[in-house]
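Notes follow once the structure below has been shown.
The values are calculated or read from the model by the stated rules, or taken from the named source; none is laboratory data. Note that the structure is predicted; figures quoted are calculated from it, not measured. Virtual Cβ from ideal backbone geometry, glycine too; neighbours counted across all protein chains shown. SASA here: full protein model, heavy atoms, side chains in, ligands and nucleic acids out. Shrake-Rupley method; radii C 1.70, N 1.55, O 1.52, S 1.80 Å.
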Amino acid sequence: MRPGTILGALLAGLAVLAAAVSFLWTPYDVTQMAIADKLMPPNAGHWLGTDHFGRDILSMIMVGARVSIAVALVAVGIGMGLGVPLGLIAAARRGSWLEETIMRGNDLIFAFPSLVIAILITAIFGPSAVNAIIAIGIFNIPVFARVTRGGALPLWTLDYIRAAEVSGKGAALISLQYILPNIANLLIVQGTIQFSLGILAEAGLSYVGLGAQPPTPSWGRMLAEAQTMVTLAPHVAIIPGLCILLTVLGLNLLGDGLRDALDPRLKVMR
């Protein structure tokens, strides 16, 4: 296993561990304010310092990890759950009006970034973590649809797929039995990449006020609240920024490692 993959697994695992521990324990209550202790630098009582309301930053980072991971995970689940079947259908009905409809629908969604979709959704239903999940999930659907279709199309020309068609198996059964298992490696790698992008997107949406709402901590909102205090208390902005950076970096390194491990063509090249 490559050093980059190990580093990525450690960084991603640390974020997941912090999120899991936050369900059971945090050093302080994230809703507890102590104005007398505001903007304290890291010390023995507050390992990562406090923010402008005197809240413990370590506790907020732990709960913020839970929010970011949950939003990204559910959004990827939505994208994969809807995008993969659409991609399989498009590949099975290649050259038909159904494939054309699915792919042009994907192009339409790609024309509107997740931030624009989130603005539209929140204008109707109001800002929340749930609406951020929906916005990011909708944007993930065409990503998985394209990856699935691109991986499935070459397989439909192979002899064993044609033999399955001649034996009387339908397109749906062939897709489930033969196509999907053979492109699972592509979907796993893409899922890891989209997971990292989901965390980044959630932070961006929270930064502009469209993600998780107070009093629930969010890495993106912590950055937004700290941007006017960078010169006064730089740790308030640096710490959540580093958390986003290291978590996304870890997931990308892990995704690269999984791609190298799961792609047989890369093994042959090495």
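Summary table
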{"quantity": "Relative contact order [Cα under 8 Å, 6+ residues apart], region 1-127, whole percent", "calculated": "18"}
{"quantity": "Helix axis angle, 235-262 relative to the chain longest principal axis, alpha carbon, degrees", "calculated": "20"}
{"quantity": "Rounded tilt (10° steps) of 129-152 against the dominant C-alpha axis of the chain", "calculated": "30"}
{"quantity": "Of TRP47, PRO181, ALA72, farthest towards positive along the dipole that unit charges on Lys, Arg, Asp, Glu beta carbons give the chain", "calculated": "PRO181"}
{"quantity": "Calculated [θ] (222 nm, deg cm²/dmol) that DSSP helices of n ≥ 4 give over the chain, each run adding -39,500 (n - 2.57)", "calculated": "-23000 deg cm²/dmol"}
{"quantity": "Carbon + sulfur, % of accessible area of region 147-270 - ligands and nucleic acids excluded, 1.4 Å", "calculated": "68"}
{"quantity": "Relative contact order [Cα under 8 Å, 6+ residues apart], the chain, whole percent", "calculated": "27"}
{"quantity": "Net +/- balance of residues flanking GLU99 in space, Cβ distance below 13 Å, scoring K and R +1, D and E -1", "calculated": "+3"}
{"quantity": "Choice from LEU186, LEU115, LEU24 showing the highest fluctuation, given a GNM over the chain with Cα pairs closer than 10 Å", "calculated": "LEU24"}
{"quantity": "Accessible area (Å², 1.4 Å probe, nearest 10) - TRP219", "calculated": "10"}
{"quantity": "Within-11-Å neighbourhood charge of MET222 [Cβ basis; K, R +1; D, E -1]", "calculated": "0"}
{"quantity": "Rounded accessible area of ILE109 (nearest 10 Å², 1.4 Å probe)", "calculated": "40"}
{"quantity": "GNM result for the chain, Cα springs below 10 Å: residue of LEU253, LEU176, LEU200 fluctuating most strongly", "calculated": "LEU176"}
{"quantity": "Local electrostatic count at LEU210 - Lys and Arg +1, Asp and Glu -1, tallied over other residues with Cβ under 13 Å", "calculated": "0"}
{"quantity": "Dipole moment magnitude, nearest 20 debye, the chain about Cα centre, only Lys, Arg, Asp, Glu C-beta charged", "calculated": "660"}
{"quantity": "Using θ = phi - 60° and Karplus 6.51 cos²θ - 1.76 cosθ + 1.60, couplings along region 75-91 (whole Hz; Gly, Pro as x)", "calculated": "5, 5, x, 5, x, 6, x, 9, x, 5, x, 5, x, 5, 5, 4, 5"}
{"quantity": "For the chain, with +1 on Lys and Arg beta carbons and -1 on Asp and Glu, the positive-most of ILE161, VAL130, MET103 along the dipole", "calculated": "ILE161"}
{"quantity": "Solvent-accessible area per residue for region 190-250 (1.4 angstrom probe, square angstrom)", "calculated": "39"}
{"quantity": "Residues with amide H under 5 Å from that of TYR28, placed H, sequence gap 5 or more", "calculated": "SER59"}
{"quantity": "Gaussian network model of the chain, springs between alpha carbon atoms under 10 Å - residue of ALA44, ALA132, ALA201 with greatest fluctuation", "calculated": "ALA44"}
{"quantity": "Overall form of region 166-270 per C-alpha gyration tensor (a/c, 1.5; a/b vs b/c)", "calculated": "oblate"}
{"quantity": "Estimated dipole of region 63-191 in Debye, rounded to 20 [Cβ of Lys and Arg +1, of Asp and Glu -1, Cα centre]", "calculated": "80"}
